[in-house]
Amino acid sequence: MTAEGWPAAGVDEWMALVQQSLRGRDIAELSSMTRDGVEIRPLYTAGPDRPPAVAAADPRRSEKGWDVRQPHRLAAAGGALEDLRRRIEEDLAGGATSAEVELPSGVDVDGLDRLLGGVDMARTPLALAPHADLDAAGALWALAARRGAGPAPGSSFGVDPVGEWARSGRRKDCAPAAAWAASLVAGPGGWGSQGSGPEVSGGSLLASGARVLMVDTTRYSDAGATEAQALGWATATGVAYLRALVEAGLDVDAAAGLIGFRMAATADQFLTIAALRAARVMWTRVVTASGGSVEPARQYQHAVTAAHTYSRRDPWVNLLRGATAALAAGVAGADSVTVLPFDHASGAVDADGALGRRLARNTQALLLEESHLARASDPAGGSFYVESLTEELASAGWRVLQDVEASGGIEAAIDSGALAAAMEESWQSRLGALRTRREPLTGVSEFPLLDEPTPASVVDLDDAGDGTGLPVGRLAEPFEDLRDAADRHRAAAGERPAVWIAALGSAAAHSTRTAWAQNLLAAGGIEAQGATGVESPVAAAADFAASGLAVAVITGTDDMYRLRGPATASALAEAGAAFVALACDPDTSADLVEALQSAGVDESWHDGTDAAAALERLHRTLGVR
């Protein structure tokens with residue numbers, strides 16, 4: 001019985017309602033597949049036999065919530081160290097609880113001291129953006145020694161030589177980083193000054209929870225990796241660091257305590273929740289199988305909203321993507337979360353980028369202070385869906401890990417090119433879904449704002465090395481390239497490329513396909529004119545000829561196509577149309593489409609069509625390219 005006294009509905013009742021809604025179709029149509037082949041079912045009536053407890057976050061997180069970590073780059077601050085310092089202090093005063101800093105090349109301890117002059121290093125976690133520069137990490141360590149305080153809990157030195165090798169194509173050895181990390185643990189008083197100033201008093205590096213080596217999984221996600229690939233490769237990188245630290249003289253527990261993970265969080269809410277939980281399951285299994293204990297095996301996670309999901313066009317939609325990703329990361333139990341500013345890919349909408357940074361902070365403040373999302377250590381735990389998806393992703397990621405280890409480890413996979421090849425294959429597969437709009441992008445491939453200003457050119461802040469490393473892709477690029485070309489054409493010609501819509505029949509008859517065609521054209525930066533409805537082929541041809549355009553798109557119902565379609569296509573061709581397209585459905589009769597093509601239709605467009613390719617061909621016809 002429910003609280004109201006009515007009998008609780010069971011699975012059979014639910015299934016009966018579903019079958020009624022499906023009207024004879026198979027319920028399997030409600031299932032979907034992840035890119036790793038994991039089935040997402042419409043209903044889960046049971047979870048794994050024994051949901052892994054290690055999937056939960058650190059229970060201590062509920063005491064203060066997760067760490068709100070704001071990213072800072074010198075290039076974004078115009079290259080001025082003082083401007084970067086001001087931004088860091090503003091963000092910390094405005095609600096951020098830590099800062100991730102990308103240090104400029106060659107920075108010394110004095111420069112770092114000026115940059116972090118207003119930051120209490122003993123209380124505020126500081127993280128270096130993932131890198132392979134031991135001099136930069138050493139400068140942060142030396143500054144801590146100079147100030148007489150160890151790194152605050154949650155700090156990170158960000159050393160990621162394997163990830164940097166994969167990203168840049170420049171070979172990096174993890175042994176020097178491991179030796180340096182081991183020397184810090186063995187230093188005087190547990191901190192070690194490394195000859196850079198007075199020793200830091202009290203505590204120890206391990207007790208602080210600061211991480212020296214940081215596995216940056218976002219490098220793989222932004223290059224196209226699937227969730228299971230990112231999990232497997234991240235864990236394999238962690239295994240490489242664990243081995244190197246043990247070889248440098250640390251025991252397994254101490255080594256595991258120096259390794260953190262930087263994970264991508266996407267707007268696919270439940271997939272992100274399950275992936276982060278699965279990452280903890282996998283890492284705990286690695287550490288405990290290596291002889292470590294459970295508590296040091298608890299994975300430290302820094303979740304970052306995935307840069308590849310951000311669009312340059314209609315950047316305000318990124319607020320929704322960032323908020324969804326942050327919610328997923330919080331529910332998944334991330335220890336620290338970075339929400340990239342909504343204008344991360346398009347360039348700041350204001351002079352200083354302050355609005356984007358403020359909204360990024362406030363997104364997390366709302367989740368923490370108003371939604372109280374961190375009060376439960378594992379809010380998704382116990383959900384049949386989430387627990388099942390966690391287990392399946394962990395299993396898929398473990399198979400990837402086993403393949404990497406069987407081939408000689410993550411470094412061998414990078415060196416042979418196998419890692420890059422696998423990511424390119426998965427990226428190309430995903431591009432297929434994006435180009436056909438099976439994976440829609442609001443504001444880009446769906447519901448684009450045709451008249452929005454052209455985004456300013458943005459300097460790529462990611463160093464791609466010598467071009468042999470991993471590329472950084474964005475999901476929106478295929479359509480944003482089309483929009484950019486259309487905007488350049490508009491600037492040169494004085495008008496936007498345009499197409500005439502020959503809409504057959506009344507608005508009630510043609511409006512659905514007309515709106516679909518207008519939406520598709522706008523995704524390529526093309527204006528749709530006409531679309532008011534015509535009652536005869538002669539009227540359609542006259543209106544088209546008066547428009548002075550070169551391309552027409554016929555819209556309407558299949559019944560109207562049978563009645564007037566061939567005659568309209570012929571009339572449009574006689575009126576000078578260089579190209580005629582037809583908006584239809586995937587199940588529109590092949591005989592009808594063939595008849596229309598015989599009458600003058602050049603292409604038929606429907607859901608599942610490679611929209612980007614169709615728009616590229618249309619651009620060539622219109623002289624845009």
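The values are calculated or read from the model by the stated rules, or taken from the named source; none is laboratory data. The structure displayed is predicted, hence computed values, not measured ones. Glycine also receives a Cβ, built like all others from the backbone with ideal geometry; neighbour counts cover every protein chain displayed. Side chains are part of the model used for accessible areas, which takes the heavy atoms of the whole protein and leaves out ligands, DNA and RNA. Shrake-Rupley method; radii C 1.70, N 1.55, O 1.52, S 1.80 Å.
What is the sum of charges around Ala182, taking Lys and Arg as +1, Asp and Glu as -1, for the other residues whose C-beta is under 11 Å from the C-beta of Ala182?
-2
Can you give the accessible area of Tyr385, probe radius 1.4 Å, in Å² rounded to 10?
Answer for Tyr385: close to 60 Å² accessible.
Taking only protein heavy atoms and a 1.4 Å probe, what accessible area per residue, in Å², does the chain have with all protein chains in place?
For the chain, the solvent-accessible area averages 41 Å² per residue.
Treating the range 1-146 as a set of equal point scatterers at the Cα positions, no solvent, please give the Debye-formula log₁₀ I(q)/I(0) at q = 0.11 Å⁻¹.
-0.69
Direction-averaged shadow area of the convex hull around the Cα atoms of the chain, nm²?
The number I arrive at for the chain is 32.0 nm².
Using label points projected 7 Å from each Cα along Cα→Cβ, tell me how many nm separate His606 and Val349, to one decimal.
With each label point 7 Å from Cα toward Cβ, the separation is 3.9 nm.
Provide the three semi-axes, in whole Å and in decreasing order, of the ellipsoid equivalent to the range 499-625 as defined by the square roots of 5 times the Cα gyration tensor eigenvalues.
Each semi-axis is √(5λ); the values are 19, 17, 14 Å.
Ranked by accessible surface with a 1.4 Å probe, highest first, in what order do Ile259, Ile27 come?
Ile27, Ile259
Can you give the helix-only mean residue ellipticity at 222 nm for the chain, where every DSSP H stretch with n ≥ 4 adds -39500 (n - 2.57) and the sum goes over all residues, rounded to the nearest 500 deg cm²/dmol?
It comes out at -14500 deg cm²/dmol, rounded to the nearest 500.
Which order do peptides 606-612, 329-335, 487-493 fall in by mean Cβ count within 10 Å, highest first?
Highest mean packing first, the order is 329-335, 606-612, 487-493.
In the range 216-344, carbon and sulfur make up what percent of the accessible area (probe 1.4 Å)?
56 percent
Find the Rg to Rh ratio for the range 361-443, where Rh is the Kirkwood radius over alpha-carbon pairs and Rg uses the same atoms.
On the way: Rg = 18.9 Å, Rh = 16.8 Å.
Radius of gyration over Kirkwood radius for the range 361-443 works out to 1.12.
Cα centroid distance between the range 255-282 and the range 387-421, in Å?
That distance is 15 Å.
How much net charge surrounds Ser290 when only the other residues with a Cβ under 14 Å from the Cβ of Ser290 are counted, with Lys and Arg +1 and Asp and Glu -1? Don't skip to the end; give the middle numbers.
Numbers: positive: Arg243, Arg285; negative: Glu247, Asp251, Asp253, Glu405.
Here the count lands on -2.
For Phe447, Phe261, give the ranking by accessible area with the largest first, probe 1.4 Å.
Numbers: Phe447 140, Phe261 0 Å².
Accessible-area ranking of Phe447, Phe261, largest first: Phe447, Phe261.
For Ala418 and Gln19, calculate 0.36 nm times their separation in residues minus their Cα-Cα distance, and state this gained length in nm to one decimal.
Taking Ala418 through Gln19 to full extension adds about 139.1 nm, to one decimal.
Once label points are set 7 Å from the Cα along Cα→Cβ at both Ser395 and Asp559, what is their separation, rounded to one decimal in nm?
5.0 nm
With Kirkwood's inverse mean 1/r over C-alpha pairs for Rh, give me the Rg to Rh ratio of the range 279-329, two decimals please. Walk me through the numbers before you get to the answer.
On the way: Rg = 16.5 Å, Rh = 13.2 Å.
That ratio equals 1.25.
Taking the highest mean first, how do the peptides 590-598, 362-370 order by number of other beta carbon atoms within 10 angstrom per residue?
362-370, 590-598
Take each of the peptides 538-550, 301-313, average the number of other beta-carbon atoms within 10 Å over its residues, and list them starting from the highest.
On the way: 538-550: 17.5, 301-313: 24.9.
Packing proxy ranking, top to bottom: 301-313, 538-550.
To the nearest 20 Debye, how big is the dipole of the chain about its Cα centre, given +1 on the beta carbon of each Lys and Arg and -1 on that of each Asp and Glu?
Dipole of the chain, to the nearest 20 debye: 760 debye.
Which of the GluC sites (Glu not before Pro) across the range 524-593 are loop residues per DSSP, with 10 or fewer other Cβ within 10 Å?
Here no loop site has a sparse enough neighbourhood.
How big is the C-alpha Rg of the range 276-404 next to the rule-of-thumb value 2.2 N^0.38 Å, as a ratio? Each step should come with its number before you reach the end.
On the way: Rg = 17.2 Å, N = 129, 2.2 N^0.38 = 13.9 Å.
Scaled against compact globular proteins, the figure is 1.23.
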